[in-house]
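The values are calculated or read from the model by the stated rules, or taken from the named source; none is laboratory data. The shown structure was predicted, so the numbers you read here are calculated from the model rather than taken from an experiment. Using ideal geometry, Cβ is built from the backbone for each residue, glycine included, and neighbour counts are taken over all protein chains shown.
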Ligand SMILES: C[S@@+](CC[C@H](N)C(=O)[O-])C[C@H]1O[C@@H](n2cnc3c(N)ncnc32)[C@H](O)[C@@H]1O
């Protein structure tokens, strides 16, 4: 780009409240430059002026920046571990009224996966999940609960039949009784206050985009948000290198216990 990325970051912060300084710079800049070039715009300043005036391009920018890819039971072997090992541990330790937070939940696939999994072990009405994301638009999608058949391919047939309504041959909608168990809220992991006394926090496939400093800060806040012995479930490329420095102990791959 012909002008300065530092000024761009400041202008984006004023416009969107998203702090690009906490995201890995090289990766983020590459993505942003590609998006701007796609629109054949030659400078950051012109791009910011354009998205200020054009709500469609503004939305495109926020979506692009936040990378919303998700799916039901993403990395099934880890969900299997959650079901077979971590949940029994948590039920044993805390009983089965668990406070669960799905942080950076995107379109809801993750919190809804949790509800359907927990429903194997307790009545739906006992399940309450807090689900948050920075991106208002994905939260609206999550609340609507409409999914393309492709994103549901990993779901067993009986789960699909039990918790989804076929809208047409391509689209399914999650049932209202599952939706009712999830409270969606907008929340920025970098700035907003965190819930407290959680028994399980699931935060996957978002911390990879943050700088090491931002990540450490978030892990510390997750630690504070958890009860002692409670569990943090991370994404498949997000292992914590020295968990003990952050008051966590490795429990199983991708699961950490607050110590
Ligand atoms: C790749 S998705 C991960 C979705 C889901 N956790 C999963 O693993 O399938 C990353 C999500 O992180 C959200 N996100 C990005 N920056 C965030 C921030 N600062 N605070 C909260 N959520 C953020 C994005 O909006 C996006 O929905």
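General remarks:
Residues checked against (1) more than 30 Å from residue 117 (Cβ to Cβ); (2) away from the ligand (no atom under 16 Å from the Cβ); (3) in the same structural domain as residue 103 (by TED's automatic domain parsing):
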| site | (1), (2), (3) |
| --- | --- |
| 28 | yes, no, no |
| 31 | yes, no, no |
| 44 | yes, yes, no |
| 50 | yes, yes, no |
| 71 | no, no, no |
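- For residue 165, the conditions (1) away from the ligand (no atom under 16 Å from the Cβ); (2) touching a strand residue (DSSP E or B) at 6+ places or on another chain (Cβ under 7 Å); (3) not in a strand (DSSP E or B) all hold with the exception of (3).
- When the test is whether a residue is surrounded by 15 or more Cβ atoms within 10 Å (Cβ to Cβ) and either within 29 Å of residue 17 (Cα to Cα) or modelled with pLDDT of 95 or more (or both), residue 114 passes it.
- Only listed residue being more than 21 Å from residue 86 (Cα to Cα) and either out of contact with any strand residue (DSSP E or B) (no Cβ under 9 Å at 6 or more places or on another chain) or outside the structural domain of residue 18 (by TED's automatic domain parsing) (or both), chosen from 138, 182: 138
- When 99, 84 are screened for being in the same structural domain as residue 134 (by TED's automatic domain parsing), within 24 Å of the chain's Cα centre (by Cα), exposed (fewer than 13 other Cβ atoms within 10 Å of the Cβ) and farther than 18 Å from residue 190 by Cα, only 84 passes.
- Tallying residues that are surrounded by fewer than 15 Cβ atoms within 10 Å (Cβ to Cβ), in a helix (DSSP H, G or I) and within 15 Å of the ligand (Cβ to nearest atom) within segment 4-20 yields 1.
- Residues of segment 212-259 classified as surrounded by fewer than 14 Cβ atoms within 10 Å (Cβ to Cβ), at pLDDT 95 or above and part of a loop (DSSP other than H, G, I, E, B), total: 1
- Residue selected from segment 201-211 under the condition within 10 Å of the ligand (Cβ to nearest atom) and closer than 16 Å to residue 110 by Cβ, by the criterion surrounded by the most Cβ atoms within 10 Å (Cβ to Cβ): 202
- Under the condition of being within 15 Å of the ligand (Cβ to nearest atom), touching a helix residue (DSSP H, G or I) at 6+ places or on another chain (Cβ under 6 Å) and not in a loop (DSSP other than H, G, I, E, B), the residues counted in segment 118-151 number 3.
- Qualifying residue in segment 186-200 (condition: within 15 Å of the ligand (Cβ to nearest atom), within 16 Å of residue 111 (Cβ to Cβ) and exposed (fewer than 14 other Cβ atoms within 10 Å of the Cβ)): yes
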